[in-house]
Amino acid sequence: MKEKEKINLLPYVLTAVIGILCVLCAMLWQRNAALTRELAEGARLAELSEYVSENYYQDTDEKNLMDNALKGYVAGLGDPYSVFLTEDEYGGWKEKESGTSVGIGVTVQSVEEGLYIVEVTSGSPAETAGIQAEDTITAVDGKLVTDLGYSEAVAHVKGEIGTDVVLTVLRDSEELEITVTRGEIVTISAEGQMLDGNIGYVHISAFRENTFDQYSKVLNELLEAGAEGIIFDVRNNGGGLLSALEDVLDPLLPEGNIAIANYGDGTVKTIVESDSKELDIPMTVLVNGGTASAGELFAASLRDFGKASLIGETTFGKGIMQDTRTVAGGAVTLTVAAYQTVKGECYHEIGVTPDTEIAMPEDYAIDFKNPDTEGDIQLAEAYAGITGNQ
C-alpha cells in the first residue's frame with residue numbers, strides 16, 4: 001500500500017492568521033482615523049471655549065453654552081426632526097409622551113404682560129379654582145413673570161403635586177389673586193361617541209402612552225352599544241409613539257406584518273404587526289394637512305389593508321421615524337429610518353392622498369368633542385358613505 005500523503009496545514013493557518021491581522025489592522029486604522037477626527041473637533045471646541053471664557057465681557061454659563069453647542073451640532077444635520085434636548089427639555093418630552101403631567105392644567109403663551117392662557121383643561125385644578133381662558137398670569141407666588149422669564153415662570157406654575165400656587169391674574173382690567181392646588185393632569189388623546197344610525201365616532205388626537213387605554217375603552221363601548229360602522233378622525237393628529245400606534249391598529253387589522261422601517265445601513269425591520277383579532281365592520285378615516293407621522297401611518301395602514309377609505313385632504317407627509325435616547329447629559333431625538341406599510345410606499349414629503357378629497361372652509365372650526373354631521377362636510381361625507389354601505 002502507498003503511504004498516505006501528509007497534508008501540511010501550516011500555509012493555510014498562516015494565510016488565515018494574516019487575513020485576520022489585515023482585518024484587525026483595517027479596523028484599527030478606521031478607528032484611529034475616527035479618533036483623530038474626534039480629537040481635532042474637540043480641540044476646535046476647546047480653543048473656542050477658552051477664547052470666549054477669557055475674552056467675553058460678562059460671566060458665562062458654561063452648561064448653557066455646551067447645551068447650545070450640542071444643539072448646534074445636531075442642527076447641522078439640517079433635519080428639522082432631529083434635535084438635542086437639555087435635561088429639562090427631555091423631562092418635558094417624556095412627560096408629554098406619557099400623556100400625564102403635574103401642574104394646574106393650562107396652555108399658555110408668552111405675552112408682554114406675562115403668561116396668556118390660551119386654554120384651560122376641562123376638570124383641571126385651574127378650572128376648579130376659577131382660572132379662565134384669556135386670563136393673563138402676571139405673577140407667580142408674588143414673583144413677576146416679567147422678572148422670572150417664560151421658562152422659569154412656567155416651571156414655578158407647574159411645581160409639585162398637592163402643593164398650592166398663588167397666581168396673580170389679569171382679567172380684562174381687573175387684577176385677581178387665585179390659589180390653585182396642583183394636581184395630575186391626564187391628557188385625553190382618544191375619545192368618541194355614538195352618532196345617529198349606530199355609527200361610532202372615534203377621535204384620536206395623538207398617540208401617547210395612555211392613548212390605547214382611552215381608545216380601547218371608547219371602541220369597546222361603541223361596539224357593545226351596537227355600532228355598525230366606525231368613523232376614525234385623525235385630522236390634526238401630529239403622531240406620537242410607534243408603540244401606541246401599533247396597539248391601536250392591532251384590533252382592527254388582520255394577522256401579520258403591517259409596517260416596516262428602512263434604516264440607513266440597509267436594514268429593514270418590522271415596526272408594526274397585528275395578531276389574529278380583526279374588526280370586520282365598515283370603517284372610514286378622516287384626514288387633513290395636519291395629519292402627520294403616526295397619524296398618517298394609521299390612515300395608510302387601514303386603507304392599504306382594505307379596511308377603510310380615507311376622506312378629507314392630503315396629509316402632511318412625514319414618513320420618517322425618530323429615536324430618542326439619553327446622551328451627553330441630555331438626550332437626542334434623531335431620525336433613524338424611513339417607514340411605510342408593507343403594502344404601500346413611503347409617503348415622506350408627499351403625503352397620503354385621500355380616496356375622496358374634500359377641503360374644509362377656511363373659517364370652519366372643527367369641534368372634535370361635538371361632531372357635526374352637517375356643518376362638518378368631511379364628517380358628513382364619511383357618515384353618508386358608511387350609512388350608505390349598510
Leu167 is checked against (1) buried (at least 17 other Cβ atoms within 10 Å of the Cβ); (2) outside the structural domain of Val120 (by TED's automatic domain parsing) and fails just one. What number does that condition carry? (2)
Asn370 is checked against (1) assigned to a loop (DSSP other than H, G, I, E, B); (2) surrounded by 13 or more Cβ atoms within 10 Å (Cβ to Cβ); (3) of a type outside the set (D, E, K, R) and fails just one. What number does that condition carry? (2)
Test of understanding: among Asp79, Asp59, which residue is under 30 Å from Glu349 (Cβ atoms) and either modelled with pLDDT under 85 or not small (Gly, Ala, Ser) (or both)? Asp79
Quick one: in region 215-238, which of the residues that are of a type in the set (D, E, K, R) and assigned to a loop (DSSP other than H, G, I, E, B) is farthest from the chain's Cα centre (by Cα)? Glu228
Going by what's in this entry, would Glu160 be described as among the charged types (D, E, K, R) and within 29 Å of the chain's Cα centre (by Cα)? yes
Just give me the residues in region 68-101 being in contact (Cβ under 8 Å) with a residue 60 or more places away in the chain, exposed (fewer than 15 other Cβ atoms within 10 Å of the Cβ) and of a type in the set (Phe, Trp, Tyr), in sequence order. Tyr81
Check region 138-145 and report whether any residue there is crowded, with 17+ Cβ neighbours inside 10 Å and under 29 Å from the mean Cα position of the chain (by Cα). no
Report every pair of residues separated by at least 6 positions or lying on different chains whose Cβ atoms are under 9 Å apart, first residue within region 255-277 and assigned by TED's automatic domain parsing to the domain that holds Ala300, second loosely packed, with under 11 Cβ neighbours inside 10 Å and outside any strand (DSSP E or B). Glu255/Ser276; Ala261/Thr267
Single residue of Gly319, Gly226, Gly295, Gly290 found to be at positive phi and in contact (Cβ under 8 Å) with a residue 12 or more places away in the chain: Gly226
Within region 244-260, take every residue that is of a type in the set (Gly, Ala, Ser) and touching a helix residue (DSSP H, G or I) at 6+ places or on another chain (Cβ under 9 Å) and give me the one that is farthest from Thr291 (Cα to Cα). Ala259
Exactly one of these conditions fails for Gly72: (1) over 30 Å from Gly240 (Cα atoms); (2) at pLDDT 65 or above; (3) in a helix (DSSP H, G or I); (4) not aromatic (Phe, Trp, Tyr). Give me its number. (1)
With (1) touching a helix residue (DSSP H, G or I) at 6+ places or on another chain (Cβ under 7 Å); (2) assigned to a loop (DSSP other than H, G, I, E, B) as the list, and Ser122 as the residue in question, which single condition is left unmet? (1)
Can you say whether Asp304 is surrounded by 15 or more Cβ atoms within 10 Å (Cβ to Cβ) and farther than 20 Å from Ala206 by Cβ, as far as the supplied structure shows? yes
Name the residue that is surrounded by the fewest Cβ atoms within 10 Å (Cβ to Cβ), counting only residues in region 102-124 that are in contact (Cβ under 8 Å) with a residue 60 or more places away in the chain and of a type outside the set (Val, Ile, Thr). Ser124
Kindly indicate whether Val332 is at pLDDT below 95, under 22 Å from the mean Cα position of the chain (by Cα) and either under 24 Å from Ile231 (Cα atoms) or hydrophobic (A, V, I, L, M, F, W, C) (or both). no
So Asn32 ticks every box in (1) over 33 Å from the mean Cα position of the chain (by Cα); (2) part of a helix (DSSP H, G or I); (3) of a type in the set (S, T, N, Q); (4) at pLDDT 90 or above but one. Which box is left unticked? (4)
Which number in (1) under 21 Å from the mean Cα position of the chain (by Cα); (2) free of Cβ contacts under 8 Å to residues at least 12 places away in the same chain marks the one condition that Gln58 misses? (1)
Quick one: which strands (runs of 3 or more DSSP E) sit completely within region 243-295 and have at least 2 residues that are touching a strand residue (DSSP E or B) at 6+ places or on another chain (Cβ under 7 Å) and surrounded by fewer than 20 Cβ atoms within 10 Å (Cβ to Cβ)? 256-263, 268-274
Qualifying position, being among the polar types (S, T, N, Q) and in a strand (DSSP E or B), among Thr107, Thr146: Thr107
Just to verify a result, which residue in region 187-214, among those that are of a type in the set (D, E, K, R), farther than 20 Å from Ile377 by Cβ and over 15 Å from the mean Cα position of the chain (by Cα), is surrounded by the fewest Cβ atoms within 10 Å (Cβ to Cβ)? Asp213
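The values are calculated or read from the model by the stated rules, or taken from the named source; none is laboratory data. Computed from a prediction, not measured in an experiment: that's the story for all the values here. Cβ sites come from the backbone with ideal geometry, for glycine too, and all protein chains shown count toward neighbours.
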